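Scroll down for the structure; my scribbles are underneath it.
The values are calculated or read from the model by the stated rules, or taken from the named source; none is laboratory data. Not measured: the values here are computed from a predicted model. Ideal geometry is used to build each Cβ from the backbone, glycine not excepted, and the neighbour counts take in all protein chains shown.
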Amino acid sequence: MFIRTGFISILILALVGGCEPSAQKFYDEGLQDYRRGDTAMARGMFRAAVYKDPEMQQAAYYLARCARADAERKFDERDIGAAMRELDEAVFYYGQAIESYPGYAAAVEEKASALELMGRYDEALRLSIWAKDNAGRTIRQLVNVAVQLEQRGDVDAALTKYRQAIAIEPNSALAYAELGRFFVRMGRTDDGVEALETAYRLSPSEPGVANDLRSFRDQTGVEVIQVEAVIPPESDAE
């Protein structure tokens, strides 16, 4: 039985209020159980959340983590068959989380690790390659949405999208470059230069970044990193 006092309270409130517990309530209960190390109870809550909302990627992710933790315990107990079944379930729910949110980097990494534990190395490699390509598309999509939001005057929402892009791929020169240009347009030149410098360090060949940094140094006097020494010669022709 995946019932405990807190969950009973939710059910009572649901009956009194004439509504069923939401996926979020199931998820919140499960997260409390997970943090206490009660993976059995947590799995029940996360399953209920996923049943209520199949697109709730965080519930699927933590359901996978519970299965992964139980698999590791089974390995310690030398119960290899049970451990492999738990890993199989973990892979399934990691996959569900990724389908709901392709940029879910943690889910991708942990699914690949679970596949490797199962000896499915080719699948793990294919997943890593797919994630790299897909993350690039996701970042470009987020940047495009950010530009559209900015054009409509919703600069706070635009900034959120740029930050989401960086959260998905912290080493994306594109995301940092576009964030830097956004800051400059908003009059936050220091922040803009800092983001552009990060973009340059990540990828000196990121289109336009070197020239943008030169321009800010020439036009505003802001001190920026020295870029000339490592810029490809053809960049001067941009």
Test: residue in segment 93-112 that is surrounded by fewer than 21 Cβ atoms within 10 Å (Cβ to Cβ) and on the phi > 0 side of the Ramachandran plot: no
Subset of segment 52-102 (residues that are among the β-branched types (V, I, T) and within 24 Å of the chain's Cα centre (by Cα)): V91, I98
Verdict on Y62 being without any contact (Cβ under 8 Å) to a residue 60 or more places away in the chain and either within 22 Å of E109 (Cβ to Cβ) or surrounded by 22 or more Cβ atoms within 10 Å (Cβ to Cβ) (or both): yes
Residue tally, condition of a type outside the set (V, I, T), in contact with a Ser or Thr (Cβ under 8 Å, 6 or more places away or on another chain) and either outside any helix (DSSP H, G or I) or within 26 Å of T189 (Cβ to Cβ) (or both), over segment 124-145: 0
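With respect to Q32, determine if the residue is of a type in the set (S, T, N, Q), closer than 13 Å to Y93 by Cβ and either modelled with pLDDT of 80 or more or crowded, with 22+ Cβ neighbours inside 10 Å (or both).
Details: of a type in the set (S, T, N, Q): yes; closer than 13 Å to Y93 by Cβ: no; either modelled with pLDDT of 80 or more or crowded, with 22+ Cβ neighbours inside 10 Å (or both): yes.
Considered against the rule, which asks whether it is of a type in the set (S, T, N, Q), closer than 13 Å to Y93 by Cβ and either modelled with pLDDT of 80 or more or crowded, with 22+ Cβ neighbours inside 10 Å (or both), Q32 comes out as no.
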Qualifying residue in segment 167-180 (condition: loosely packed, with under 15 Cβ neighbours inside 10 Å, in a helix (DSSP H, G or I), under 18 Å from the mean Cα position of the chain (by Cα) and not polar (S, T, N, Q)): yes
In segment 123-159, the residues that are under 18 Å from F92 (Cβ atoms) and out of contact with any helix residue (DSSP H, G or I) (no Cβ under 7 Å at 6 or more places or on another chain): R126, W130
